[in-house]
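Notes to accompany the following structure.
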Amino acid sequence: MLAKEQWQKVTQCPSCSSSSTLYSGKLAEKLYKCGDEIISAPQEGITILQCNNCRIYYKSLIPSALFLAEVFSKESRKIWAEPYDFFYESQLLKNLNHHQPFDILDIGASHGHLLKALSNTEGRRSALDIIQYPGLQPYLKGEFIQNFIDAPQLVWSGEKYDVVTMFDIMEHLYSPKNVFKNLASLVKDNGYVLIETGDADNYWPQKYGMEDWWYVKFLEHHIFWNSEAIKKIAEEHGFTTLFWEIKKHKSRRAISGHFENLNQMLKMGLYIFSPKIYLKIAKLNAKSGIQPWSPFTNDHIFIILQKK
Ligand SMILES: [Zn+2]
């Protein structure tokens, strides 16, 4: 049994603290699914707000960190288990470090797929996550920091890293300011931070409404970024943007073009034709009717930051 569901209100932009909003839309779903858990949303419903200042989107109600950690612990074998080989990212990291040994901390390391891709290279291979997932241990060659990267006070070795990676983490944050403060202390001068997260400026949410984007339907997704907002908060914490691009999600890049996309394309076609009919057919088939994910949309931001 899970502890009582705990929710917290978000009354100002978690990134820039402005309470002025530009847009608001209510999530239609009353339930979240996470692994095998079905979690009821609070009675009043969840609204997606857009900050009038930095233009990020955020939810008005989010699960507390403690509650989320508990759900994740319970579902740890089922969530994030989708294998991805991180081949492209590991090559990029080697090039970035001029094929010299480097120390890396992977934030949200989950089952250790990125550290596994780097297991034949030299240097510390450390991880930070809220729980230690099965499978990480063989690839850990450094410290394991058990915490949220948002923690106001991180307990860690104090030995700084050449690279810190945050793949699919920025959308989970409670306090981006704490995160960037922590990043600034974790990374060596001239060291790098690699970030990948959803791009709220992409076609689907902009055309159909943020509250209908499949990406906002996760219990653990709290913030939806645009590249300018990431660059801005990074700069405020002593980083420069070395490189950025809008691209497909890392796991989608690998399978894009394969036959398995056909089913997804049919769903997409129907949704574009009529979201209402799509929802009706989905409900007849006991499916949620959440907007299908498009294998062709560049809906993620990839950024390399360097510490000044
Ligand atoms: Zn803001």
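Bear in mind that the values in this text are calculations on the coordinates, not laboratory data. Treat the numbers as computed from the prediction; the structure is a model and nothing was measured. Please note: Cβ atoms are built from the backbone with ideal geometry, for glycine as well, and neighbour counts cover all protein chains shown.
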Once you keep just the Cα pairs under 8 angstrom separated by 6 or more residues, what percentage relative contact order results for the range 7-74?
38 percent
Taking +1 at the Cβ of each Lys and Arg and -1 at the Cβ of each Asp and Glu, which of 25, 63, 45 sits farthest along the dipole of the range 7-74 towards its positive end, judged by Cα position relative to the Cα centre?
25
In what order do 124, 55 fall by count of nearby beta-carbon atoms within 10 Å, going from fewest to most?
124, 55
Once every Cα of the chain carries one equal point scatterer and solvent is ignored, give the base-10 log of I(q)/I(0) from the Debye formula at q = 0.12, 0.15 Å⁻¹, two decimals.
-0.84, -1.35
Name the residue from 178, 244, 216 whose Cα lies farthest towards the positive end of the charge dipole of the range 120-244, charges +1 on Cβ of Lys and Arg and -1 on Cβ of Asp and Glu.
178
Which log10 I(q)/I(0) values, to two decimals, does the range 157-253 give at q = 0.24 Å⁻¹ under the Debye formula with one point per Cα?
-1.41
With bins 10 Å wide starting at 0, give me the P(r) of the range 205-256 over every alpha carbon pair, in whole percents.
18, 38, 37, 7
Quick one, can you get me the convex hull of the C-alpha atoms of the range 69-186 expressed as volume per residue in Å³?
103 Å³
Over the chain: helical MRE at 222 nm, DSSP H runs n ≥ 4 each giving -39500 (n - 2.57), nearest 500
-7500 deg cm²/dmol
Divide, for the range 7-74, the radius of gyration over alpha carbons by 2.2 N^0.38 Å, where N is the residue count.
1.21
Within a 10 angstrom radius of the beta carbon, how do 240, 21 rank from fewest other beta carbons to most?
240, 21
So how strong a dipole does the range 7-74 carry about its Cα centre when Lys and Arg Cβ are +1 and Asp and Glu Cβ are -1, to the nearest 20 debye?
200 debye
Treating the beta-carbon of each Lys and Arg as +1 and of each Asp and Glu as -1, no other charges, what is the dipole magnitude of the chain about its Cα centre, to the nearest 20 debye?
580 debye
Can you work out ³J(HN,Hα) from phi for every residue in the range 156-167, in order, using Karplus 6.51 cos²θ - 1.76 cosθ + 1.60 and θ = phi - 60°, giving whole Hz and x for Gly and Pro?
8, 5, x, 8, 5, 10, 6, 9, 10, 10, 9, 8
Residue order, fewest to most beta carbons within 10 Å, for 232, 9, 59
9, 232, 59
Relative contact order of the range 36-153 (C-alpha contacts under 8 Å, at least 6 apart) in percent is 18 percent
Whole-number percent relative contact order across the chain, with pairs defined as alpha carbons under 8 Å at least 6 apart
17 percent
